[in-house]
Each structure stands twice: as C-alpha cells, then as structure tokens.
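**Student:** The following block contains the structure, expressed as structure tokens.
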Amino acid sequence: MARTKRTWTGEEKAELWSRWRRGESLSDIARALGRQKGPVHRLVANAGGFPPPSRKRSDRCLSLEEREEISRGVAGGLSARAIARGLGRDAATVTRELNRNGGRDAYRAAAADQQAWDRAQRPKACKLAERPPLRLAVAQRLQMDWSPEQISGWLREEFAEDDSMQVSHETIYRSLFVQARGVLKKELQAHLRTRRTTRRAKHSSRNRKPGGQIVDAISIRERPAEVEDRAVPGHWEGDLLAGANNSYLATLVERQTRYTLLVKLPNKQAATVREALIEAVHRLPMTLRRSLTWDRGLEMAEHKEFTIATDIAVYFCDPRSPWQRGSNENTNGLLRQYFPKGMDLSAVTQAQLIHVENRLNQRPRKTLGFAAPVDKLSEVLR
C-alpha cells in the first residue's frame with residue numbers, strides 16, 4: 001500500500017522556522033513536530049536556511065469585502081465610477097481591478113483576492129541581480145576568501161556616498177544559498193569559511209579543553225593594563241592549530257592590529273615550539289616584541305627560556321578560558337577555511353603558509369572598522 005504523502009500546514013511551517021531561528025537542530029525540530037528529519041532538512045535546505053519573508057498587503061489595497069462589493073456592482077450593471085463612489089475609492093482603482101482580473105464578464109471576487117495575495121508574496125528583486133558592478137565587487141572579494149560581513153563592511157567604507165554599491169551581509173548569504181537566477185554562482189560557496197549550503201541561525205557553543213601544569217607560569221591577571229586595552233602594539237596571543245597525524249602549526253596574532261603570523265612545526269615538543277617561536281619573533285622589529293599570551297598547553301613549558309632569548313614576557317590564560325585569547329581563537333577559526341580539521345599539516349609548505357598569512361592580513365576586519373590588519377600594522381610602524 002502506497003504511503004500517503006504528508007503535507008506541511010501553515011502552522012507547522014511557522015513552528016519550524018520559529019525553532020530554526022532559535023538555533024535548534026534539525027533533529028530537535030523534527031521531534032517537536034512529530035516528523036522525520038529528512039522532510040525537515042529538505043524544507044530548510046530548499047530555502048537556503050532563510051525563513052520565507054512574511055508579506056502584508058498595504059492598507060491601500062482592496063480587501064476581500066471591497067472586491068465582493070465590486071462583484072455585486074458589476075452584476076447589477078453599475079459603472080466603475082458608481083462602484084468606486086460606493087466604496088469611497090477612485091474610479092481608476094476599480095477600473096484597474098476589473099481589467100487585471102478578466103474584465104467585467106469574468107471578474108470573481110475570491111479569485112481576484114487570491115491573485116492579489118500571490119502578487120504580494122512574490123520575492124523582491126535581489127539588489128545584486130539588479131546591480132552588476134555591485135555583484136562583481138562582491139564576487140571578486142568572495143574569491144579572495146572575504147566573509148560576507150567583511151565585504152559588506154568594506155563596501156560601506158569604500159562607497160560611503162553611493163548607496164547603489166552597498167549591500168547587507170545577509171543579502172550576500174541569501175544570494176549564495178537561495179541561488180536567485182543571475183546572481184552569485186554556486187561555486188563561490190567554496191570560498192566561505194564554513195562549507196555549509198544553508199544559512200544557520202546563530203547559537204553559541206563552547207569548547208572545553210584541559211589545561212596543563214606549567215612551572216612558574218605567570219597568570220594573565222598580572223598582565224600590564226596596556227595589554228588589556230590594546231593601546232600599545234607588540235602584544236601577541238598564541239596557540240597551536242592541530243592537524244591529522246600529530247601535525248601542528250603555531251599561530252600568533254598581534255592584539256592591536258590582528259596581524260597574523262603562522263609558524264611551521266615538526267612536532268609540539270616544548271623545545272621545538274620554543275625554538276620555532278624564537279626564530280619567528282626575531283624577524284619582528286623591537287616595537288612589536290612586548291608580550292605573548294598563551295593557554296595552558298605544555299608545548300609552552302619552556303616559556304622562561306623563550307623570554308630570556310627574546311625579552312618577551314609570557315602570560316598564561318586561566319584553565320578552560322579560551323575567550324581570554326579571543327583574537328587568536330577567532331583567527332584559528334578563520335584558518336580552518338584553509339586547513340580543515342583532519343588535514344595533515346606536515347604537508348603544508350612555507351610558501352602555502354605565507355599565502356594564507358597574506359590572505360588573512362589583507363582581509364578587512366569588522367573589529368578594525370573594516371580596515372585590514374596589514375594596513376593597521378603599517379600605521380603603527382610609521
């Protein structure tokens with residue numbers, strides 16, 4: 001016996017999108033609605049993760065009751081002007097309503113009202129589809145691995161006096177995920193930091209990781225105030241980025257400018273990390289060698305030797321407190337666009353690291369007023 005296909009009611013769709021906006025998982029939504037996960041996923045994926053816009057007709061539009069009055073007036077042989085007078089409407093409104101819906105002989109109030117709702121629910125024309133220069137600017141920067149939010153912010157700064165060259169980051173996401181005809185090519189999704197094909201509602205998650213025992217560690221609470229308020233350049237945050245087969249990279253982010261350095265590591269032994277970091281920071285000017293904030297990982301166990309060699313003080317975060325190195329944590333997330341989890345980082349060449357460094361340092365950052373880290377670094381070194 002064939003299974004009857006279960007259709008979605010308006011109430012079910014409203015509940016689904018309400019839960020999706022709150023950040024609930026597809027599995028949780030399916031359970032709440034008494035559905036299988038598959039149909040829920042299809043409905044969300046077909047919309048690109050964007051709840052369909054709710055459209056309301058203007059108060060100036062004809063109501064169903066007014067259309068029924070028009071229908072009765074036509075049946076009674078009244079002129080458009082007479083019908084309009086009875087409604088308190090302009091005669092042109094009634095004439096246009098009749099012409100749009102088959103004329104006097106074919107006019108039906110219910111059908112005319114439904115067509116009006118259908119027209120109201122048509123999606124608005126996409127700004128990127130209507131403005132080729134804007135679409136080209138967005139596509140070029142997506143190819144440079146900029147995020148939609150970075151692109152939107154850069155456009156606001158670069159074209160402050162030209163509204164035609166500005167677009168919200170949500171419109172860019174919608175163009176990528178919903179795929180309006182003639183807008184952004186689907187291939188550009190590959191340049192997003194995540195590889196999702198639907199727009200997720202924002203919801204928070206925290207990753208806990210165990211701390212280690214560092215001898216003579218200096219607490220982050222003893223850092224000078226100039227580090228905390230980012231008033232002076234030369235204070236860095238650092239961490240390891242892990243890959244498959246025990247492969248690692250060291251990542252360093254300057255707190256004031258968000259400038260990033262990537263350091264190749266053959267392993268994460270404390271002596272190896274110490275020597276690699278010493279070599280990296282010795283290439284920096286003295287004004288950029290002030291402090292380094294690290295987590296409690298044992299790879300930094302030889303911090304005292306590092307400080308003696310570089311004159312850079314090392315401070316350690318509280319256990320399980322990655323937000324105390326927020327700039328570095330954010331950058332490590334960006335790096336996963338280039339070095340996804342499960343990738344063997346030992347195969348990454350120095351040329352590839354430099355390429356990724358340049359990509360990150362040339363991206364506009366929201367926290368910098370959509371300036372790029374490389375430009376901010378140039379300013380502080382003048």
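**Student:** Would a scan of segment 72-82 turn up a residue that is among the polar types (S, T, N, Q), part of a helix (DSSP H, G or I) and either surrounded by fewer than 18 Cβ atoms within 10 Å (Cβ to Cβ) or modelled with pLDDT under 90 (or both)? Steps first, answer last, please.
**Tutor:** The first filter runs over segment 72-82 and keeps only residues among the polar types (S, T, N, Q), leaving 79.
Add one more test, that the residue is part of a helix (DSSP H, G or I), and what stays is none.
Scanning segment 72-82, I find no residue that is among the polar types (S, T, N, Q), part of a helix (DSSP H, G or I) and either surrounded by fewer than 18 Cβ atoms within 10 Å (Cβ to Cβ) or modelled with pLDDT under 90 (or both), so the answer is no.
**Student:** For Glu329, only one of the following conditions fails: (1) outside any helix (DSSP H, G or I); (2) within 24 Å of Leu142 (Cα to Cα). What is its number?
**Tutor:** Checking Glu329 against (1) outside any helix (DSSP H, G or I); (2) within 24 Å of Leu142 (Cα to Cα), the one that fails is (1).
**Student:** Sticking with this one: Check Leu288 against each of (1) more than 23 Å from Arg365 (Cα to Cα); (2) at pLDDT 90 or above; (3) not charged (D, E, K, R) and name the one condition it does not meet.
**Tutor:** (1)
**Student:** Which of (1) out of contact with any Lys or Arg (no Cβ under 9 Å at 6 or more places or on another chain); (2) surrounded by fewer than 15 Cβ atoms within 10 Å (Cβ to Cβ); (3) part of a helix (DSSP H, G or I); (4) not polar (S, T, N, Q) does Ala110 not meet, given it meets every other one?
**Tutor:** (1)
**Student:** Restricting to segment 290-308, name every residue that is under 38 Å from the mean Cα position of the chain (by Cα) and surrounded by fewer than 18 Cβ atoms within 10 Å (Cβ to Cβ).
**Tutor:** Leu298
**Student:** Hey, does segment 55-66 have a residue that's part of a helix (DSSP H, G or I) and buried (at least 19 other Cβ atoms within 10 Å of the Cβ)? Explain how you work it out, then say what you get.
**Tutor:** Step one: filter segment 55-66 for residues part of a helix (DSSP H, G or I), giving 64-66.
Filter once more, keeping what is buried (at least 19 other Cβ atoms within 10 Å of the Cβ): 66.
Scanning segment 55-66 turns up at least one residue that is part of a helix (DSSP H, G or I) and buried (at least 19 other Cβ atoms within 10 Å of the Cβ).
**Student:** Also: Which of the numbered conditions does Thr331 fail, given that it passes all the others? Conditions: (1) in contact with a Ser or Thr (Cβ under 6 Å, 6 or more places away or on another chain); (2) of a type outside the set (Asp, Glu); (3) surrounded by fewer than 19 Cβ atoms within 10 Å (Cβ to Cβ).
**Tutor:** Unmet condition: (3).
**Student:** Here are Arg199, Arg141: which of them is at pLDDT below 65, charged (D, E, K, R) and buried (at least 17 other Cβ atoms within 10 Å of the Cβ)? Can you show your working first?
**Tutor:** Values: Arg141 fails: at pLDDT below 65.
Unique residue meeting the criteria: Arg199.
**Student:** Considering only segment 121-173, state which residues are more than 27 Å from Phe339 (Cα to Cα), β-branched (Val, Ile, Thr) and not in a loop (DSSP other than H, G, I, E, B).
**Tutor:** Result: Thr171, single match.
**Student:** Here are Leu261, Leu284, Leu277: which of them is surrounded by 15 or more Cβ atoms within 10 Å (Cβ to Cβ), part of a strand (DSSP E or B) and in the same structural domain as Asn358 (by TED's automatic domain parsing)? Explain how you work it out, then say what you get.
**Tutor:** Values: Leu284 fails: part of a strand (DSSP E or B); Leu277 fails: part of a strand (DSSP E or B).
Step by step, each of Leu261, Leu284, Leu277 is checked, and only Leu261 is surrounded by 15 or more Cβ atoms within 10 Å (Cβ to Cβ), part of a strand (DSSP E or B) and in the same structural domain as Asn358 (by TED's automatic domain parsing).
**Student:** Within segment 211-232, work out how many residues are surrounded by 16 or more Cβ atoms within 10 Å (Cβ to Cβ) and in contact with a Phe, Trp or Tyr (Cβ under 7 Å, 6 or more places away or on another chain).
**Tutor:** The qualifying residues number 5.
**Student:** Still on this model: Go through (1) crowded, with 18+ Cβ neighbours inside 10 Å; (2) over 19 Å from the mean Cα position of the chain (by Cα); (3) on the phi > 0 side of the Ramachandran plot one by one and return the number of the condition Asp311 breaks.
**Tutor:** In the conditions (1) crowded, with 18+ Cβ neighbours inside 10 Å; (2) over 19 Å from the mean Cα position of the chain (by Cα); (3) on the phi > 0 side of the Ramachandran plot, Asp311 misses (1) alone.
**Student:** Based on this model, can you work out whether Leu360 counts as within 28 Å of Arg382 (Cα to Cα), within 24 Å of the chain's Cα centre (by Cα) and buried (at least 19 other Cβ atoms within 10 Å of the Cβ)? Talk me through it step by step, then tell me what you get.
**Tutor:** Values: within 28 Å of Arg382 (Cα to Cα): yes; within 24 Å of the chain's Cα centre (by Cα): yes; buried (at least 19 other Cβ atoms within 10 Å of the Cβ): yes.
The answer is yes for Leu360.
The values are calculated or read from the model by the stated rules, or taken from the named source; none is laboratory data. Just so it is clear, the model here is predicted, and its values are computed rather than measured. Quick reminder, even Gly has a Cβ in these numbers, built from the backbone with ideal geometry, and neighbours come from all protein chains shown.
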